[in-house]
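Beneath this line is the structure, given in structure tokens, with notes to follow.
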Amino acid sequence: METGLRLSLHDAGDAFDAILYQQAVGCLIYLCITRPDIQFAVSQTSRFVHCPRVKHWQVVKRIFHYLSGTRLLGLFYPKGGSDLHAFFDSDWIGCYDTRVSTSGFCFMLGSSCISWLSKKQPTVATSSCEVEYREAFTATVECVWLRRLVADLGVGQSSSTTIFTDRQSALAVARNPMFHARTKHIEVHYHYVRERFSVGEISLAYVPAQENIEDLFTKALRREKFEAFRKALGLLPFVE
């Protein structure tokens, strides 16, 4: 997607054929299974399947053009590298129509991505800290499941899984065992993350915003940064 582009239900322009739009977006959702680099753009365009505009269709076509030009890209899983770690991030009231934030995570096994997500949060958050902490909860739930899965596959984790974020406020809430009045309304999320943290199943760590590859799932990036993060996910060109 174009850097800084925001789509809305109220975008100007003519309405577009909803059936054709739904078919195209459905194809893209299927492709997201092996192409995490399009996850954010597809998540954005899928919000308008019931009332698409020509502007939304132009973005969908641009995704297909991008896929056509990068059809040799695929996730590469080299030998070794059994360390499970993750990144999570969120934007802040990014949806123009609902003011709901978009959040996401990606889990890496060694140097390659094995699980990823980009979606709107279910409700409006009252602070950026709350947005990030909700996503910390979602990432923690995924982490617990993935640790058990990779253990069943013979890649058990001998230490806690590190989950990186660029939000110091979310780290402070997770690490401090004191109850915070400002987290009262997300108490279940708070206690679950704290529990997994205290038993050593997860650990939370800071990563500078410019190095957080999760940005690929929450915002439209400049080409140079997009391509660098895409490579960091393990998406590499295969020989025809």
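Among the residues of segment 87-105, those that are more than 10 Å from the chain's Cα centre (by Cα), within 16 Å of ASN212 (Cβ to Cβ) and at pLDDT 75 or above comprise ASP91, SER101.
Please enumerate the residues belonging to segment 106-127 that are in contact with a helix residue (DSSP H, G or I) (Cβ under 7 Å, 6 or more places away or on another chain) and not hydrophobic (A, V, I, L, M, F, W, C). Residues satisfying the conditions are SER115, SER118, LYS119, GLN121. Screening TYR133 with (1) in contact with a helix residue (DSSP H, G or I) (Cβ under 9 Å, 6 or more places away or on another chain); (2) closer than 21 Å to CYS32 by Cα; (3) not aliphatic (A, V, I, L, M) gives one miss only, at (2). Cβ-Cβ distances below 7 Å connect no pair with a first residue in segment 217-228 that is farther than 11 Å from THR102 by Cβ and of a type in the set (Phe, Trp, Tyr), a second residue that is assigned to a loop (DSSP other than H, G, I, E, B) and modelled with pLDDT of 90 or more, and a separation of six or more residues or different chains.
Note on segment 63-86: residues that are part of a helix (DSSP H, G or I) and more than 20 Å from the chain's Cα centre (by Cα) amount to 4.
Based on what the data block shows, is CYS129 assigned to a helix (DSSP H, G or I) and at pLDDT below 80? When the stated conditions are applied, CYS129 passes them. Residues that are of a type in the set (A, V, I, L, M) and either over 19 Å from ARG223 (Cβ atoms) or in contact with a Pro (Cβ under 6 Å, 6 or more places away or on another chain) (or both) within segment 49-63 comprise VAL49, VAL54, VAL60, listed in sequence order. Would you please name the residue that is nearest to the chain's Cα centre (by Cα), looking only at residues in segment 210-240 that are loosely packed, with under 11 Cβ neighbours inside 10 Å and modelled with pLDDT under 90? Restricting to residues being loosely packed, with under 11 Cβ neighbours inside 10 Å and modelled with pLDDT under 90, the top hit is GLN210. The sole residue among VAL100, VAL155, VAL124, VAL144 that is in contact with a strand residue (DSSP E or B) (Cβ under 9 Å, 6 or more places away or on another chain), at negative phi, free of Cβ contacts under 8 Å to residues at least 60 places away in the same chain and outside any helix (DSSP H, G or I) is VAL100.
Only a single item in (1) of a type outside the set (Ser, Thr, Tyr); (2) within 23 Å of GLN210 (Cα to Cα); (3) without any contact (Cβ under 8 Å) to a residue 24 or more places away in the chain is not met by LEU75, and it is number (3).
Entry remark, segment 12-48: residues being under 21 Å from LEU221 (Cβ atoms) and either of a type outside the set (Val, Ile, Thr) or outside any helix (DSSP H, G or I) (or both) number 14 in total. Here GLU195 meets the list (1) surrounded by 16 or more Cβ atoms within 10 Å (Cβ to Cβ); (2) within 18 Å of GLU142 (Cα to Cα); (3) among the charged types (D, E, K, R); (4) modelled with pLDDT of 85 or more almost entirely, failing just condition (1). Within segment 108-153, restricting attention to residues that are surrounded by fewer than 22 Cβ atoms within 10 Å (Cβ to Cβ) and aromatic (Phe, Trp, Tyr), the residue that is farthest from THR165 (Cα to Cα) is TRP145.
The values are calculated or read from the model by the stated rules, or taken from the named source; none is laboratory data. What you see is a predicted model, and the numbers here were worked out from it, not measured in a lab. When we count neighbours, we look across all protein chains shown, and the Cβ atoms used for this are built from the backbone with ideal geometry, even at glycine.
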